[in-house]
Amino acid sequence: MDICIPLFRVDEKAANRALVAGHMVPASTEDGDWAGAGLYFWDNLGNAQFWLRSKRGTKSSYSIAKATLTVSEMEVLDLTEPNSVKKFERVVVLLRDKLGTDFEGVYSIHQGAVINAVYQIRQSIANEAIIQQLPNFSVVKVIGYYPNAPELFSFRSTIGKKKQPHVTIKAKPIYSVLDQQLLQSPMIIEGDGLL
């Protein structure tokens, strides 16, 4: 089943113009603690505006683009869902056991490097028995925690209760899109001479 999600991207104005024009935009090469390589998107305009404000002195060279992600549910590596995380961890262990040191990324302590390695292995390996056990993803979904994001007044009653489940605006869904062809109707909505 396909899902359609409006997403928002903060990038340099030239990159967002290229995205709108239908050109391939250079993806992040992130291999640290985020969602690996890909184009990064926020799930709502407010979070994109939060990120744009964080650009400080260079904010004027950035814009916000909106696009609709249309993707099969099966192609989303959802690292916000516990069962999906456990399955992905089992895949990483399998790759370490079967492939040894052929793909160094699966030994990384950094989530982004591991995601990149699994994606690259899926794209390049010829062993059908291993391929069938690997997730076939073109989008990675994670939750980013931003401790410096301001809490809204109605959420402040939970401050100091960090050990208890609570509502917060500091956790933000983030999507890394590996296949730009999944992005439909991109448009710049803020920061490129628009009002």
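Worth pointing out:
- From the options 67, 18, residue that is in a helix (DSSP H, G or I) and modelled with pLDDT of 95 or more: 18
- Residue list for segment 1-14, filter: within 25 Å of residue 77 (Cα to Cα) and not in a loop (DSSP other than H, G, I, E, B): 2, 3, 4, 5, 6, 7, 8, 9, 10, 11
- Residue within segment 30-41 that is farther than 22 Å from residue 147 by Cβ and of a type in the set (Asp, Glu) present: yes
- Residue 76 under 27 Å from residue 110 (Cβ atoms) and buried (at least 18 other Cβ atoms within 10 Å of the Cβ): yes
- Test: residue 39 is within 20 Å of residue 1 (Cβ to Cβ) and modelled with pLDDT of 95 or more: no
- Which listed residue is at pLDDT below 90, among the charged types (D, E, K, R) and farther than 25 Å from residue 149 by Cβ, from 2, 97: 97
- Of all residues in segment 42-60 being out of contact with any helix residue (DSSP H, G or I) (no Cβ under 8 Å at 6 or more places or on another chain) and hydrophobic (A, V, I, L, M, F, W, C), the one that is surrounded by the fewest Cβ atoms within 10 Å (Cβ to Cβ): 45
- Residue selected from segment 1-23 under the condition charged (D, E, K, R) and surrounded by 16 or more Cβ atoms within 10 Å (Cβ to Cβ), by the criterion nearest to the chain's Cα centre (by Cα): 9
- Taken across segment 157-177, residues that are hydroxyl-bearing (Ser, Thr, Tyr) and modelled with pLDDT of 90 or more do occur, with at least one present.
- Residues satisfying the stated conditions in segment 70-94, i.e. of a type outside the set (Ser, Thr, Tyr), touching a residue at least 24 places away in the same chain (Cβ under 8 Å) and not in a strand (DSSP E or B): 73, 74, 75, 79, 87, 88, 91, 92, 94
- Residues in segment 21-54 that are part of a loop (DSSP other than H, G, I, E, B), farther than 22 Å from residue 109 by Cα and not small (Gly, Ala, Ser): 23, 24, 25, 26, 43, 44.
- Some residue of segment 132-144 being over 18 Å from the mean Cα position of the chain (by Cα), part of a helix (DSSP H, G or I) and surrounded by fewer than 17 Cβ atoms within 10 Å (Cβ to Cβ): no
The values are calculated or read from the model by the stated rules, or taken from the named source; none is laboratory data. No experiment lies behind these values; they were computed from the predicted model shown. Note that we place each Cβ from the backbone using ideal geometry, even for glycine, and neighbour counts take in every protein chain shown.
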